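To start, the structure itself, in structure tokens.
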Amino acid sequence: MKKMELIAPCHFGLETVLKREIVELGYEIAAVEDGRVTFYGDADALCRANIFLRTAERILLKVGSFTAVTFEELFEKTRSLPWEEYIPKNGKFWVAKAASVKSRLFSPSDIQSIMKKAMVRRMQERYHIEWFPEDGASYPVRVFLMKDVVTVGIDSSGTSLHKRGYREIAGKAPITETLAAALIMLTPWRRDRILVDPFCGSGTFPIEAAMIASNIAPGMNRSFLSEEWGNLIPKKLWYDVMDEANDMIENPVPVDIQGYDADGAVIKIARRNAKEAGVEHLIHFQERSVSELSHPKKYGFIITNPPYGERLEDKKDLPRLYQMFGERFGQLDSWSAYMITSYEDAVKYFGRKADKNRKIYNGMLKTYFYQFLGPKPPKRIKGA
């Protein structure tokens, strides 16, 4: 099967988590850069990456990369790429997104229109036709410019991979599924440990944790643009990978995952989302304030996304909210807490210095992932 280079964009600051996922899937890493990981694979790898990766935003099939500092150079070098190897005569193709950082070419709309013209020119020369019907499968192109180096890929995912198919309705200020999964995977939490989210909203942290615990692949309940790429990927490959994903599910699994929120309406949404994801039996959701946070057992985990005060009228409530959270956490015996927030005074009111702190960009919003580490449970003696 033909070797491909695949690009997986991700949240800035979480490249190491995605790299680990790709290596565990069995693929060789080509490069790790800000906000993306490139790896080698084949058509099977493209299908498996789309279905199995929890932390990638999408999977791009790399067409090529080159340096360009003028629009003329951009045109000629785009034209020199082997587009006919990827896009059939009737394929629908366009430059869906262009992003430029520290590069002399910086206008996304100009980059998009010039590259489309260059693609058309190349395909006219190779297919010996003047006009393309573009009534077949879609091949949207995405391009990154970083310090004048242009990287070109075709998007195989379509809708972003954070759309798992279980969350039609979200609560206020939702955290994306890919970000939630990556943050859980940054912690030492495993399915034999308690997990509580006291600000669960529409349930993303508990649902992603339950999917990890039961080994449910994140892409099982959705479709992908490249399922229509019959010229590149045999349909049977998709069926084979879906069969592989089905065979890997472990159900039921003994877990203690809980989600609380003070808003009863949002808890109903969380339960509905968990049902859509096939994990409602693994999570206990409850309408409950953070002031009631408690658990009789030791060595549990809190992973949560407390309110940031996005709206001005909410900001005045934040000091007391974080203070209450810190007080209730202090009452738990030997627990660890992990919270992502953009609230600058979070640690001050939480009342405890973070053991670790990681800067993560949630879209364009700079957030901090504060880690308050509890003791490890004693090792179990085999046969005891």
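Points worth noting:
- Every listed requirement among (1) in contact (Cβ under 8 Å) with a residue 60 or more places away in the chain; (2) outside any helix (DSSP H, G or I) is met by Phe325 save one, (2).
- Which listed residue is without any contact (Cβ under 8 Å) to a residue 40 or more places away in the chain and not in a loop (DSSP other than H, G, I, E, B), from Ile22, Ile51: Ile22
- Among the residues listed as Arg320, Arg358, Arg380, the single one being outside the structural domain of Phe301 (by TED's automatic domain parsing) and more than 16 Å from Trp189 (Cα to Cα): Arg380
- Listed conditions (1) modelled with pLDDT of 95 or more; (2) crowded, with 18+ Cβ neighbours inside 10 Å are all met by Ala99, apart from (2).
- Filter result for the condition that a residue is under 18 Å from the mean Cα position of the chain (by Cα) and closer than 30 Å to Glu85 by Cα, over Leu179, Leu225: Leu225
- Elements of type strands (runs of 3 or more DSSP E) in the stretch 91-210, at least 1 residues being without any contact (Cβ under 8 Å) to a residue 60 or more places away in the chain: 92-101, 138-146
- Residue in the stretch 147-154 that is under 17 Å from Ser226 (Cα atoms) and among the polar types (S, T, N, Q) present: no
- Number of the exception - Asn215 against (1) closer than 30 Å to Asp263 by Cα; (2) in contact (Cβ under 8 Å) with a residue 40 or more places away in the chain: (2)
- Condition check for Ala262: more than 30 Å from Lys2 (Cα to Cα) and either at pLDDT 95 or above or surrounded by 14 or more Cβ atoms within 10 Å (Cβ to Cβ) (or both): yes
- Residue satisfying all of: in the stretch 25-45; touching a residue at least 12 places away in the same chain (Cβ under 8 Å) and part of a loop (DSSP other than H, G, I, E, B); farthest from the chain's Cα centre (by Cα) among these: Asp42
- The residue that is surrounded by the fewest Cβ atoms within 10 Å (Cβ to Cβ), among those in the stretch 282-321 that are within 27 Å of the chain's Cα centre (by Cα) and among the aromatic types (Phe, Trp, Tyr), is Tyr308.
- Test: residue in the stretch 229-237 that is buried (at least 24 other Cβ atoms within 10 Å of the Cβ) and in contact (Cβ under 8 Å) with a residue 12 or more places away in the chain: yes
- Subset tally (residues that are assigned to a loop (DSSP other than H, G, I, E, B) and within 13 Å of Ala182 (Cβ to Cβ)) for the stretch 3-19: 5
- When the criteria are applied in full, Gly300 fails the requirement of being in contact (Cβ under 8 Å) with a residue 24 or more places away in the chain and on the phi > 0 side of the Ramachandran plot.
- Test: residue in the stretch 240-255 that is more than 25 Å from Lys92 (Cβ to Cβ), of a type in the set (Asp, Glu), assigned to a loop (DSSP other than H, G, I, E, B) and out of contact with any helix residue (DSSP H, G or I) (no Cβ under 7 Å at 6 or more places or on another chain): yes
- Scope the stretch 336-378; condition assigned to a loop (DSSP other than H, G, I, E, B) and touching a residue at least 60 places away in the same chain (Cβ under 8 Å); matching residues: Gly374, Pro375, Lys376, Pro377
- Phe12, sole failed condition from (1) surrounded by fewer than 21 Cβ atoms within 10 Å (Cβ to Cβ); (2) at pLDDT 95 or above; (3) in contact with a strand residue (DSSP E or B) (Cβ under 7 Å, 6 or more places away or on another chain): (2)
- Looking at Ile233, Ile257, just one residue is under 23 Å from the mean Cα position of the chain (by Cα), modelled with pLDDT of 95 or more and among the aliphatic types (A, V, I, L, M), and that residue is Ile257.
- Selection from the stretch 295-314 of residues that are modelled with pLDDT under 95 and of a type in the set (Gly, Ala, Ser): Gly309
The values are calculated or read from the model by the stated rules, or taken from the named source; none is laboratory data. Since this is a predicted model, take the numbers as computed values, not measurements. With ideal geometry, Cβ positions are generated from the backbone for all residues, glycine too; neighbour counts draw on all protein chains shown.
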